[in-house]
Amino acid sequence: MSSQKQQIRRTTVPQIAGRKGGAPIVSLTSYHAHTAAIVDKYADFILVGDSLGMVMHGMDSTIGVPLELMIMHGRAVVRGTERALIVVDMPFGSYEESPGVAFRNAAHVMKETQCGAVKLEGGARMAETIRFLSERGIPVMAHIGLTPQSSHVMGGFKTQGRDEDSWAAHEADARAVTDAGAFALVLEGMVEPLAARITGQVEIPTIGIGASARCDGQILVLEDMLGMNPWVPKFVKKYGDLGPMIEKAVSDYAEDVKSRVFPGEEHLYR
């Protein structure tokens, strides 16, 4: 038997695309190397989402996130992982102008971060751009339903599909991005029957976030499911409660410093 450590290979875009109708795809967001290293053990793909603007940088929305910030965090996540496919969000303003601009910025992201794919928001209106990128070697994950970058147009973060008359438009979006060459499709903030219906209609895996258990996979913002944000959407299940734990640790540390209990003898060099 060889004594060399077996090389770990990253999950690829074709492997994710091939999971349609198979074992559910596990995904979480991550924005830095140390959490990415933990998530990497369990996730099929990790999304470096533009939600980092709100989660990490205190922004009110994702609109103000610049491309270089996505690249910085993307590099960190790639460095911290070895197994999961890394997908980086294209931020607002980096891809809408034209397919050519989208290609230039997406290629820049992939070169600088060494990620495996990019994600962009929009349905039929972005089909031409998705096709342009896919034909030129850039794998694209599409995103329809509640698209946060369009929150101003939508009038806020509103659940999509409550009016059944709107279903046809969402279904058309799903078909358009599929036909354009997207390898997977995020369905966000969408009523369950519509998300389940779209999942049954398209040939690519659907990734639900506030959608349906019948999607081909699920994704959550890591900090939301860990209980680190004071408010989380209805669709988030909290698997931890780290916010209060962190606050208690900081409070205990402050008290120890004030009372000169820390540093103790065991923490000093003699």
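Quick notes on this one:
- Condition met for Val88 (under 19 Å from the mean Cα position of the chain (by Cα), part of a helix (DSSP H, G or I) and either crowded, with 19+ Cβ neighbours inside 10 Å or outside the structural domain of Ile63 (by TED's automatic domain parsing) (or both)): no
- Residue in region 103-112 that is crowded, with 23+ Cβ neighbours inside 10 Å and either not assigned by TED's automatic domain parsing to the domain that holds Thr206 or not hydrophobic (A, V, I, L, M, F, W, C) (or both) present: no
- Yes/no for Ala127 being of a type in the set (Gly, Ala, Ser) and farther than 23 Å from Gly21 by Cβ: yes
- Residues that are among the charged types (D, E, K, R), part of a loop (DSSP other than H, G, I, E, B) and farther than 23 Å from Gln218 by Cα within region 232-265 comprise just one, Arg260.
- Those helices (runs of 4 or more DSSP H) of region 156-231 in which at least 3 residues are over 18 Å from Gly123 (Cα atoms), considering only elements entirely within it, cover 222-225.
- Applying a threshold of 7 Å to beta carbon distances and a minimum spacing of six or more residues, or different chains, the list of pairs starting in region 66-77 at a residue that is closer than 12 Å to His32 by Cβ and ending at one that is surrounded by 24 or more Cβ atoms within 10 Å (Cβ to Cβ) and among the polar types (S, T, N, Q) reads Val77/Ser30.
Every residue, every condition in (1) small (Gly, Ala, Ser); (2) more than 20 Å from Val26 (Cα to Cα), yes or no:
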position: Gly189; (1), (2): yes, no
position: Ile198; (1), (2): no, no
position: Gln201; (1), (2): no, yes
position: Ile219; (1), (2): no, no
position: Asn229; (1), (2): no, yes
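- Checklist (1) under 15 Å from Ile209 (Cβ atoms); (2) over 16 Å from the mean Cα position of the chain (by Cα) applied to Glu96, failing item: (1)
- Filter result for the condition that a residue is modelled with pLDDT under 95, under 25 Å from Thr129 (Cα atoms) and assigned by TED's automatic domain parsing to the domain that holds Gly116, over Ser61, Ser51: Ser61
The values are calculated or read from the model by the stated rules, or taken from the named source; none is laboratory data. From a predicted model like this one, the values you see are computed outputs, not experimental measurements. Neighbour counts are summed over all protein chains in view; Cβ atoms, including those assigned to glycine, are modelled from backbone coordinates with ideal geometry.
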